[in-house]
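See structure below.
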(Lines give C-alpha, C1' and ligand atoms only; values in the text may rest on other atoms or scores of the structure.)
Protein backbone atom coordinates (compact mmCIF):
# COMPACT_ATOMS: atom_id res chain seq x y z
CA UNK A 1 0.00 0.00 0.00
CA UNK A 2 -1.33 3.02 -6.02
CA UNK A 3 -4.03 4.79 -7.58
CA UNK A 4 -2.35 6.78 -7.98
CA UNK A 5 -4.66 9.27 -7.13
CA UNK A 6 -3.32 8.13 -3.94
CA UNK A 7 -1.32 5.39 -2.46
CA UNK A 8 -2.95 2.14 -1.50
CA UNK A 9 -4.52 2.07 1.94
CA UNK A 10 -3.74 -0.62 4.42
CA UNK A 11 -5.09 -1.82 7.71
CA UNK A 12 -3.19 -1.40 10.93
CA UNK A 13 -0.25 -2.42 13.06
CA UNK A 14 -0.48 -4.44 16.27
CA UNK A 15 2.01 -4.83 19.11
CA UNK A 16 2.10 -6.90 22.29
CA UNK A 17 4.50 -7.50 25.16
CA UNK A 18 4.62 -9.81 28.17
CA UNK A 19 6.97 -10.08 31.15
CA UNK A 20 8.71 -6.73 30.77
CA UNK A 21 8.88 -3.95 33.39
CA UNK A 22 7.16 -0.73 32.43
CA UNK A 23 5.63 -2.61 29.54
CA UNK A 24 3.77 0.45 28.24
CA UNK A 25 7.07 2.02 27.19
CA UNK A 26 8.03 -1.06 25.17
CA UNK A 27 4.65 -1.12 23.45
CA UNK A 28 4.79 2.62 22.77
CA UNK A 29 8.25 2.46 21.22
CA UNK A 30 7.33 -0.64 19.23
CA UNK A 31 4.34 1.18 17.78
CA UNK A 32 6.67 3.88 16.47
CA UNK A 33 8.21 1.24 14.21
CA UNK A 34 4.73 0.32 12.97
CA UNK A 35 3.50 3.88 12.39
CA UNK A 36 3.66 3.39 8.61
CA UNK A 37 0.80 0.91 8.93
CA UNK A 38 -1.67 3.47 10.29
CA UNK A 39 -1.76 7.13 11.26
CA UNK A 40 -5.40 7.76 12.20
CA UNK A 41 -5.27 6.73 15.83
CA UNK A 42 -3.25 4.85 18.41
CA UNK A 43 -3.93 3.05 21.65
CA UNK A 44 -2.16 1.13 24.40
CA UNK A 45 -3.68 -1.18 27.03
CA UNK A 46 -1.73 -2.53 30.04
CA UNK A 47 -2.38 -5.00 32.87
CA UNK A 48 -0.52 -5.39 36.15
CA UNK A 49 -2.28 -8.68 36.85
CA UNK A 50 -5.08 -6.99 38.79
CA UNK A 51 -6.25 -4.00 36.78
CA UNK A 52 -6.36 -3.08 33.11
CA UNK A 53 -5.71 0.53 32.07
CA UNK A 54 -5.64 2.16 28.66
CA UNK A 55 -4.60 5.30 26.76
CA UNK A 56 -5.99 6.18 23.32
CA UNK A 57 -6.18 9.09 20.96
CA UNK A 58 -6.68 10.23 17.37
CA UNK A 59 -3.81 11.02 15.04
CA UNK A 60 -0.20 9.89 14.97
CA UNK A 61 1.17 8.03 17.97
CA UNK A 62 2.98 11.18 19.14
CA UNK A 63 -0.30 13.13 18.89
CA UNK A 64 -2.51 10.43 20.37
CA UNK A 65 -0.43 9.53 23.42
CA UNK A 66 1.94 11.74 25.40
CA UNK A 67 4.88 9.67 26.71
CA UNK A 68 4.55 11.48 30.05
CA UNK A 69 1.14 9.82 30.45
CA UNK A 70 2.56 6.30 30.28
CA UNK A 71 3.76 6.21 33.89
CA UNK A 72 0.32 5.39 35.41
CA UNK A 73 0.11 2.41 33.03
CA UNK A 74 2.24 0.24 35.29
CA UNK A 75 2.18 -3.42 34.40
CA UNK A 76 3.89 -6.37 32.74
CA UNK A 77 1.33 -7.20 30.01
CA UNK A 78 0.45 -4.79 27.23
CA UNK A 79 -0.89 -4.49 23.71
CA UNK A 80 -0.97 -1.59 21.27
CA UNK A 81 -2.49 -0.63 17.95
CA UNK A 82 -2.01 1.98 15.21
CA UNK A 83 -4.98 2.30 12.91
CA UNK A 84 -5.75 2.86 9.29
CA UNK A 85 -9.52 2.64 9.17
CA UNK A 86 -11.00 -0.06 6.99
CA UNK A 87 -14.37 -0.54 8.65
CA UNK A 88 -15.90 2.30 10.63
CA UNK A 89 -15.41 6.05 10.79
CA UNK A 90 -12.53 7.97 12.31
CA UNK A 91 -13.92 8.54 15.76
CA UNK A 92 -12.87 7.85 19.32
CA UNK A 93 -15.16 4.83 19.80
CA UNK A 94 -13.33 2.97 17.04
CA UNK A 95 -9.81 3.45 18.39
CA UNK A 96 -8.14 0.15 19.18
CA UNK A 97 -7.29 -1.81 21.19
CA UNK A 98 -10.95 -2.23 22.07
CA UNK A 99 -11.48 -2.77 25.82
CA UNK A 100 -14.60 -4.77 26.62
CA UNK A 101 -15.99 -6.15 29.88
CA UNK A 102 -18.10 -9.30 29.68
CA UNK A 103 -19.07 -12.22 31.92
CA UNK A 104 -15.52 -13.56 32.11
CA UNK A 105 -13.90 -10.23 32.93
CA UNK A 106 -12.15 -7.53 30.92
CA UNK A 107 -10.40 -8.20 27.61
CA UNK A 108 -8.62 -5.92 25.16
CA UNK A 109 -8.16 -6.69 21.48
CA UNK A 110 -6.22 -5.21 18.56
CA UNK A 111 -6.96 -6.43 15.04
CA UNK A 112 -5.11 -6.17 11.73
CA UNK A 113 -7.15 -7.46 8.81
CA UNK A 114 -10.71 -7.60 7.55
CA UNK A 115 -13.49 -10.07 8.34
CA UNK A 116 -15.31 -10.88 5.12
CA UNK A 117 -18.43 -12.20 6.86
CA UNK A 118 -18.63 -9.27 9.31
CA UNK A 119 -21.89 -7.87 8.01
CA UNK A 120 -23.65 -11.23 8.23
CA UNK A 121 -22.42 -11.89 11.77
CA UNK A 122 -23.25 -8.42 13.02
CA UNK A 123 -26.76 -8.58 11.60
CA UNK A 124 -27.31 -11.87 13.42
CA UNK A 125 -26.17 -10.38 16.72
CA UNK A 126 -28.24 -7.22 16.31
CA UNK A 127 -31.39 -9.20 15.49
CA UNK A 128 -30.95 -10.91 18.87
CA UNK A 129 -30.59 -7.59 20.69
CA UNK A 130 -26.82 -7.25 20.95
CA UNK A 131 -25.54 -3.69 21.30
CA UNK A 132 -22.36 -2.67 19.50
CA UNK A 133 -20.22 0.14 20.85
CA UNK A 134 -18.19 0.66 17.66
CA UNK A 135 -18.64 0.52 13.89
CA UNK A 136 -15.62 -1.75 13.31
CA UNK A 137 -15.65 -5.39 12.31
CA UNK A 138 -13.17 -6.13 15.12
CA UNK A 139 -15.86 -5.89 17.79
CA UNK A 140 -17.60 -8.92 16.31
CA UNK A 141 -14.78 -11.11 17.64
CA UNK A 142 -15.56 -9.96 21.20
CA UNK A 143 -19.27 -10.66 20.79
CA UNK A 144 -18.46 -14.17 19.61
CA UNK A 145 -16.05 -14.57 22.52
CA UNK A 146 -18.84 -13.79 24.99
CA UNK A 147 -21.29 -16.41 23.70
CA UNK A 148 -21.93 -19.07 26.37
CA UNK A 149 -21.34 -21.96 23.96
CA UNK A 150 -17.83 -20.66 23.27
CA UNK A 151 -17.05 -19.97 26.94
CA UNK A 152 -18.12 -23.51 27.84
CA UNK A 153 -15.46 -25.02 25.55
CA UNK A 154 -12.73 -23.81 27.91
CA UNK A 155 -11.03 -21.91 25.05
CA UNK A 156 -13.50 -19.25 24.03
CA UNK A 157 -11.15 -17.41 21.68
CA UNK A 158 -10.30 -20.53 19.68
CA UNK A 159 -13.96 -21.49 19.48
CA UNK A 160 -15.07 -17.98 18.50
CA UNK A 161 -12.53 -17.58 15.71
CA UNK A 162 -13.83 -20.66 13.93
CA UNK A 163 -16.89 -18.59 13.02
CA UNK A 164 -15.11 -15.67 11.37
CA UNK A 165 -13.90 -15.56 7.78
CA UNK A 166 -11.25 -13.46 6.16
CA UNK A 167 -8.03 -11.87 7.35
CA UNK A 168 -7.02 -11.31 10.94
CA UNK A 169 -3.85 -11.03 12.91
CA UNK A 170 -4.97 -10.38 16.46
CA UNK A 171 -3.34 -9.45 19.74
CA UNK A 172 -5.57 -9.89 22.77
CA UNK A 173 -5.05 -9.73 26.52
CA UNK A 174 -6.85 -10.20 29.77
CA UNK A 175 -5.45 -9.52 33.23
CA UNK A 176 -3.07 -12.48 33.13
CA UNK A 177 -2.55 -13.57 29.52
CA UNK A 178 -1.33 -12.24 26.20
CA UNK A 179 -2.65 -13.88 23.02
CA UNK A 180 -1.41 -13.65 19.45
CA UNK A 181 -3.49 -15.25 16.68
CA UNK A 182 -3.20 -15.43 12.91
CA UNK A 183 -5.94 -16.58 10.55
CA UNK A 184 -5.53 -19.99 8.88
CA UNK A 185 -4.64 -18.41 5.50
CA UNK A 186 -2.00 -16.16 7.07
CA UNK A 187 -3.04 -13.05 5.12
CA UNK A 188 -1.57 -10.53 7.57
CA UNK A 189 1.87 -10.88 9.19
CA UNK A 190 2.49 -11.41 12.91
CA UNK A 191 5.82 -12.27 14.53
CA UNK A 192 7.21 -13.31 17.92
CA UNK A 193 10.27 -11.75 19.55
CA UNK A 194 12.23 -12.32 22.74
CA UNK A 195 13.76 -9.71 25.04
CA UNK A 196 15.42 -11.04 28.19
CA UNK A 197 12.80 -13.10 29.98
CA UNK A 198 9.96 -11.34 28.20
CA UNK A 199 8.14 -11.87 24.92
CA UNK A 200 7.02 -9.50 22.18
CA UNK A 201 4.60 -9.86 19.29
CA UNK A 202 4.33 -7.40 16.42
CA UNK A 203 3.00 -6.98 12.91
CA UNK A 204 6.57 -6.55 11.67
CA UNK A 205 10.00 -7.52 12.96
CA UNK A 206 11.30 -3.93 12.62
CA UNK A 207 9.62 -3.30 15.99
CA UNK A 208 11.92 -5.87 17.60
CA UNK A 209 15.01 -4.20 16.16
CA UNK A 210 14.13 -0.87 17.75
CA UNK A 211 13.66 -2.51 21.15
CA UNK A 212 16.82 -4.61 20.96
CA UNK A 213 14.81 -7.82 20.90
CA UNK A 214 15.54 -11.03 18.98
CA UNK A 215 13.19 -12.23 16.27
CA UNK A 216 12.16 -15.79 17.16
CA UNK A 217 9.65 -16.80 14.48
CA UNK A 218 6.36 -15.93 12.82
CA UNK A 219 3.07 -16.85 14.36
CA UNK A 220 2.07 -19.59 11.95
CA UNK A 221 -1.10 -19.34 9.88
CA UNK A 222 -3.91 -20.79 11.99
CA UNK A 223 -1.84 -20.67 15.19
CA UNK A 224 -2.90 -19.23 18.54
CA UNK A 225 -0.07 -18.33 20.92
CA UNK A 226 -0.84 -17.80 24.61
CA UNK A 227 1.81 -16.21 26.82
CA UNK A 228 1.52 -16.14 30.61
CA UNK A 229 3.47 -16.88 33.79
CA UNK A 230 3.97 -20.48 32.61
CA UNK A 231 5.64 -19.42 29.35
CA UNK A 232 4.60 -19.59 25.73
CA UNK A 233 1.94 -22.10 24.66
CA UNK A 234 0.94 -22.86 21.08
CA UNK A 235 -2.28 -24.37 19.77
CA UNK A 236 -4.14 -24.34 16.47
CA UNK A 237 -7.47 -22.74 15.59
CA UNK A 238 -8.04 -25.52 13.08
CA UNK A 239 -6.89 -29.11 13.33
CA UNK A 240 -5.01 -29.35 10.05
CA UNK A 241 -1.57 -27.90 9.41
CA UNK A 242 -2.13 -28.51 5.69
CA UNK A 243 -4.56 -25.60 5.32
CA UNK A 244 -3.77 -23.56 2.17
CA UNK A 245 -1.89 -20.29 2.61
CA UNK A 246 -2.86 -16.90 1.21
CA UNK A 247 -0.19 -14.54 2.50
CA UNK A 248 -0.65 -11.01 1.15
CA UNK A 249 1.95 -10.45 -1.56
CA UNK A 250 1.43 -6.69 -1.28
CA UNK A 251 3.13 -6.72 2.10
CA UNK A 252 6.34 -7.47 0.19
CA UNK A 253 5.58 -5.11 -2.67
CA UNK A 254 4.64 -2.06 -0.66
CA UNK A 255 3.19 -2.21 2.86
CA UNK A 256 5.96 -3.55 5.06
CA UNK A 257 9.05 -1.63 6.04
CA UNK A 258 12.13 -2.64 4.02
CA UNK A 259 14.02 -3.68 7.15
CA UNK A 260 11.38 -6.20 8.24
CA UNK A 261 11.56 -9.96 7.80
CA UNK A 262 8.20 -10.98 6.41
CA UNK A 263 6.88 -14.47 5.65
CA UNK A 264 10.46 -15.71 6.02
CA UNK A 265 12.00 -13.17 3.60
CA UNK A 266 13.75 -9.82 4.02
CA UNK A 267 11.54 -7.18 2.42
CA UNK A 268 14.39 -5.07 1.01
CA UNK A 269 15.93 -8.11 -0.66
CA UNK A 270 12.61 -8.98 -2.31
CA UNK A 271 12.05 -5.46 -3.64
CA UNK A 272 15.54 -5.21 -5.10
CA UNK A 273 15.03 -8.59 -6.78
CA UNK A 274 11.77 -7.34 -8.29
CA UNK A 275 13.66 -4.47 -9.89
CA UNK A 276 16.35 -6.78 -11.23
CA UNK A 277 13.71 -8.97 -12.87
CA UNK A 278 12.05 -5.92 -14.43
CA UNK A 279 15.39 -4.90 -15.94
CA UNK A 280 15.91 -8.36 -17.40
CA UNK A 281 12.41 -8.63 -18.83
CA UNK A 282 11.81 -5.01 -19.88
CA UNK A 283 15.11 -3.29 -20.73
CA UNK A 284 15.24 0.34 -21.90
CA UNK A 285 17.85 2.35 -23.78
CA UNK A 286 17.97 5.24 -21.32
CA UNK A 287 20.30 7.61 -19.47
CA UNK A 288 19.29 6.96 -15.86
CA UNK A 289 16.93 5.22 -13.46
CA UNK A 290 14.92 7.20 -10.90
CA UNK A 291 12.43 6.03 -8.30
CA UNK A 292 9.16 7.42 -7.08
CA UNK A 293 10.03 7.94 -3.40
CA UNK A 294 9.86 5.92 -1.39
CA UNK A 295 7.71 3.09 -2.65
CA UNK A 296 9.90 2.57 -5.71
CA UNK A 297 13.32 3.02 -4.08
CA UNK A 298 14.37 -0.61 -3.67
CA UNK A 299 12.99 -1.73 -7.05
CA UNK A 300 14.78 1.19 -8.74
CA UNK A 301 18.03 0.07 -7.12
CA UNK A 302 17.43 -3.41 -8.49
CA UNK A 303 16.61 -2.08 -11.94
CA UNK A 304 19.82 -0.04 -11.92
CA UNK A 305 21.87 -3.07 -10.91
CA UNK A 306 20.21 -5.30 -13.47
CA UNK A 307 20.45 -2.84 -16.35
CA UNK A 308 23.75 -1.17 -15.60
CA UNK A 309 22.09 2.25 -15.84
CA UNK A 310 23.03 4.81 -13.19
CA UNK A 311 20.57 5.38 -10.35
CA UNK A 312 19.80 9.07 -9.89
CA UNK A 313 17.60 11.00 -7.45
CA UNK A 314 15.02 12.62 -9.67
CA UNK A 315 12.50 13.44 -6.94
CA UNK A 316 13.06 15.02 -3.55
CA UNK A 317 10.43 14.10 -0.97
CA UNK A 318 9.22 16.16 1.95
CA UNK A 319 9.37 13.58 4.72
CA UNK A 320 7.25 15.68 7.05
CA UNK A 321 4.10 15.41 4.95
CA UNK A 322 3.43 11.73 5.67
CA UNK A 323 2.52 8.81 3.44
CA UNK A 324 -0.47 9.73 1.30
CA UNK A 325 -2.14 6.32 1.39
CA UNK A 326 -2.65 6.67 5.14
CA UNK A 327 -5.13 9.52 4.70
CA UNK A 328 -8.37 7.75 3.80
CA UNK A 329 -10.40 10.55 2.20
CA UNK A 330 -9.74 11.31 -1.44
CA UNK A 331 -9.34 15.08 -1.18
CA UNK A 332 -6.95 14.84 1.75
CA UNK A 333 -4.79 12.38 -0.18
CA UNK A 334 -4.70 14.52 -3.31
CA UNK A 335 -3.72 17.62 -1.35
CA UNK A 336 -0.86 15.78 0.30
CA UNK A 337 0.44 14.44 -3.01
CA UNK A 338 0.93 18.02 -4.19
CA UNK A 339 3.11 18.72 -1.16
CA UNK A 340 5.17 15.56 -1.12
CA UNK A 341 7.58 15.71 -4.06
CA UNK A 342 9.71 18.13 -6.05
CA UNK A 343 11.75 17.39 -9.17
CA UNK A 344 15.54 17.78 -9.34
CA UNK A 345 15.84 19.73 -12.57
CA UNK A 346 19.51 18.92 -13.22
CA UNK A 347 18.83 15.18 -13.07
CA UNK A 348 15.78 15.31 -15.32
CA UNK A 349 16.32 17.93 -18.01
CA UNK A 350 17.08 16.46 -21.42
CA UNK A 351 17.37 12.91 -20.05
CA UNK A 352 15.83 9.60 -21.08
CA UNK A 353 14.56 8.26 -17.77
CA UNK A 354 13.34 4.94 -16.42
CA UNK A 355 10.85 5.79 -13.66
CA UNK A 356 10.32 2.90 -11.22
CA UNK A 357 7.41 2.52 -8.80
CA UNK A 358 5.75 -0.34 -6.98
CA UNK A 359 2.20 -0.19 -8.40
CA UNK A 360 -0.44 1.76 -10.26
CA UNK A 361 -4.00 1.65 -8.94
CA UNK A 362 -6.09 4.55 -10.23
CA UNK A 363 -3.32 6.20 -12.20
CA UNK A 364 -3.94 9.84 -11.30
CA UNK A 365 -1.03 10.22 -8.87
CA UNK A 366 1.36 8.70 -11.40
CA UNK A 367 -0.04 11.05 -14.02
CA UNK A 368 0.74 14.07 -11.86
CA UNK A 369 4.28 12.95 -11.10
CA UNK A 370 5.10 12.16 -14.70
CA UNK A 371 3.72 15.52 -15.74
CA UNK A 372 6.13 17.15 -13.28
CA UNK A 373 9.03 15.34 -14.97
CA UNK A 374 7.87 16.48 -18.43
CA UNK A 375 7.60 20.06 -17.24
CA UNK A 376 11.19 19.90 -16.02
CA UNK A 377 12.39 18.87 -19.47
CA UNK A 378 12.61 15.06 -19.42
CA UNK A 379 13.29 13.88 -22.98
CA UNK A 380 11.81 10.37 -22.61
CA UNK A 381 9.85 8.69 -19.82
CA UNK A 382 9.73 4.91 -19.48
CA UNK A 383 7.79 3.64 -16.47
CA UNK A 384 8.48 0.26 -14.90
CA UNK A 385 6.19 -1.17 -12.20
CA UNK A 386 7.41 -3.85 -9.78
CA UNK A 387 3.90 -5.30 -9.31
CA UNK A 388 1.63 -6.81 -11.96
CA UNK A 389 -1.45 -4.83 -13.05
CA UNK A 390 -4.06 -4.67 -10.28
CA UNK A 391 -7.27 -5.92 -11.86
CA UNK A 392 -9.48 -6.89 -8.94
CA UNK A 393 -10.63 -5.49 -5.58
CA UNK A 394 -9.20 -6.75 -2.31
CA UNK A 395 -11.40 -7.84 0.60
CA UNK A 396 -8.63 -8.83 3.00
CA UNK A 397 -6.83 -5.65 3.95
CA UNK A 398 -6.08 -3.37 1.03
CA UNK A 399 -8.11 -0.22 0.49
CA UNK A 400 -9.13 -0.43 -3.17
CA UNK A 401 -12.48 -2.13 -2.75
CA UNK A 402 -14.18 -1.53 -6.12
CA UNK A 403 -13.15 -2.65 -9.58
CA UNK A 404 -14.13 0.71 -11.02
CA UNK A 405 -11.30 2.39 -9.09
CA UNK A 406 -8.65 0.24 -10.77
CA UNK A 407 -7.28 1.64 -14.02
CA UNK A 408 -5.94 -1.73 -15.18
CA UNK A 409 -9.42 -3.26 -14.99
CA UNK A 410 -10.67 -0.93 -17.72
CA UNK A 411 -7.52 -0.20 -19.75
CA UNK A 412 -4.80 -2.40 -21.21
CA UNK A 413 -1.12 -1.55 -20.85
CA UNK A 414 -0.97 0.56 -24.01
CA UNK A 415 -4.08 2.49 -23.02
CA UNK A 416 -2.60 3.17 -19.59
CA UNK A 417 0.60 4.33 -21.29
CA UNK A 418 -1.44 6.72 -23.45
CA UNK A 419 -3.30 7.99 -20.38
CA UNK A 420 0.00 8.69 -18.61
CA UNK A 421 1.54 10.28 -21.69
CA UNK A 422 4.82 8.35 -21.54
CA UNK A 423 7.05 6.60 -24.04
CA UNK A 424 6.75 3.07 -22.64
CA UNK A 425 5.18 1.20 -19.73
CA UNK A 426 5.75 -2.31 -18.38
CA UNK A 427 4.48 -4.22 -15.36
CA UNK A 428 6.08 -7.10 -13.49
CA UNK A 429 4.69 -10.49 -14.47
CA UNK A 430 3.08 -12.70 -11.83
CA UNK A 431 5.74 -15.34 -12.44
CA UNK A 432 8.46 -12.71 -12.02
CA UNK A 433 6.86 -11.59 -8.78
CA UNK A 434 6.71 -15.13 -7.42
CA UNK A 435 10.29 -15.87 -8.42
CA UNK A 436 11.44 -12.82 -6.44
CA UNK A 437 9.75 -14.05 -3.28
CA UNK A 438 10.91 -17.64 -3.83
CA UNK A 439 7.30 -18.74 -3.56
CA UNK A 440 4.52 -20.41 -5.51
CA UNK A 441 0.91 -19.66 -6.26
CA UNK A 442 0.07 -21.78 -3.20
CA UNK A 443 1.95 -19.51 -0.77
CA UNK A 444 0.42 -16.12 -1.53
CA UNK A 445 -2.88 -14.40 -2.23
CA UNK A 446 -2.74 -13.10 -5.81
CA UNK A 447 -6.44 -12.27 -6.15
CA UNK A 448 -5.85 -8.59 -6.92
CA UNK A 449 -3.85 -9.70 -9.97
CA UNK A 450 -5.66 -12.82 -11.17
CA UNK A 451 -9.11 -12.76 -9.51
CA UNK A 452 -8.53 -16.13 -7.81
CA UNK A 453 -9.91 -15.44 -4.33
CA UNK A 454 -8.93 -18.08 -1.75
CA UNK A 455 -12.41 -17.99 -0.21
CA UNK A 456 -15.90 -17.14 -1.38
CA UNK A 457 -16.67 -13.53 -0.48
CA UNK A 458 -20.00 -13.46 1.35
CA UNK A 459 -20.07 -9.70 2.13
CA UNK A 460 -18.90 -6.88 -0.14
CA UNK A 461 -19.59 -3.93 2.16
CA UNK A 462 -18.00 -0.52 2.01
CA UNK A 463 -16.01 1.00 4.82
CA UNK A 464 -18.93 2.73 6.48
CA UNK A 465 -21.40 -0.13 6.32
CA UNK A 466 -21.77 -0.18 10.11
CA UNK A 467 -22.24 3.58 10.51
CA UNK A 468 -25.77 4.28 11.75
CA UNK A 469 -25.42 8.07 11.90
CA UNK A 470 -24.21 9.74 8.67
CA UNK A 471 -23.14 12.79 10.67
CA UNK A 472 -20.40 10.72 12.31
CA UNK A 473 -18.72 9.98 8.99
CA UNK A 474 -15.83 12.38 9.26
CA UNK A 475 -13.32 10.03 7.65
CA UNK A 476 -14.04 6.54 6.39
CA UNK A 477 -12.14 3.51 7.55
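The values are calculated or read from the model by the stated rules, or taken from the named source; none is laboratory data. Bear in mind the structure is a predicted one, so any value in this text is a computation, not a measurement. Ideal geometry is used to build each Cβ from the backbone, glycine not excepted, and the neighbour counts take in all protein chains shown.
Picking from 275, 314, 306, which residue would you name as being closer than 22 Å to residue 389 by Cβ, modelled with pLDDT of 90 or more and crowded, with 23+ Cβ neighbours inside 10 Å?
The unique qualifying residue is 275.
Of all residues in region 227-241, count the ones that are under 20 Å from residue 76 (Cα atoms) and buried (at least 20 other Cβ atoms within 10 Å of the Cβ).
1
Quick check: anything in region 114-122 in the same structural domain as residue 175 (by TED's automatic domain parsing), farther than 19 Å from residue 157 by Cα and out of contact with any strand residue (DSSP E or B) (no Cβ under 6 Å at 6 or more places or on another chain)?
yes
Could you please let me know if residue 408 is closer than 18 Å to residue 286 by Cβ and assigned by TED's automatic domain parsing to the domain that holds residue 361?
So residue 408 fails the test.
Is at least one residue of region 75-87 part of a loop (DSSP other than H, G, I, E, B), out of contact with any helix residue (DSSP H, G or I) (no Cβ under 8 Å at 6 or more places or on another chain) and crowded, with 21+ Cβ neighbours inside 10 Å? Don't jump to the end; show me each part of the working.
In the first step, residues of region 75-87 are kept if they are part of a loop (DSSP other than H, G, I, E, B); the result is 75-76, 84-87.
Next, from what is left, pick out any that are out of contact with any helix residue (DSSP H, G or I) (no Cβ under 8 Å at 6 or more places or on another chain): 86.
The next check asks that each one be crowded, with 21+ Cβ neighbours inside 10 Å; those that pass are 86.
Yes, that holds for at least one residue.
Restrict the check to region 438-452 and report whether at least one residue is assigned to a loop (DSSP other than H, G, I, E, B), touching a helix residue (DSSP H, G or I) at 6+ places or on another chain (Cβ under 6 Å) and at pLDDT below 95.
no
Just checking, how many residues over region 96-116 are in contact with a helix residue (DSSP H, G or I) (Cβ under 9 Å, 6 or more places away or on another chain) and over 23 Å from residue 204 (Cα atoms)? Give the steps one after another, and end with the answer.
Within region 96-116, the first condition is being in contact with a helix residue (DSSP H, G or I) (Cβ under 9 Å, 6 or more places away or on another chain), and the residues that meet it are 98, 100, 102-104, 107, 109, 111-112, 115.
Next cut, over 23 Å from residue 204 (Cα atoms) only: 100, 102-104, 107.
Number satisfying all stated conditions: 5.
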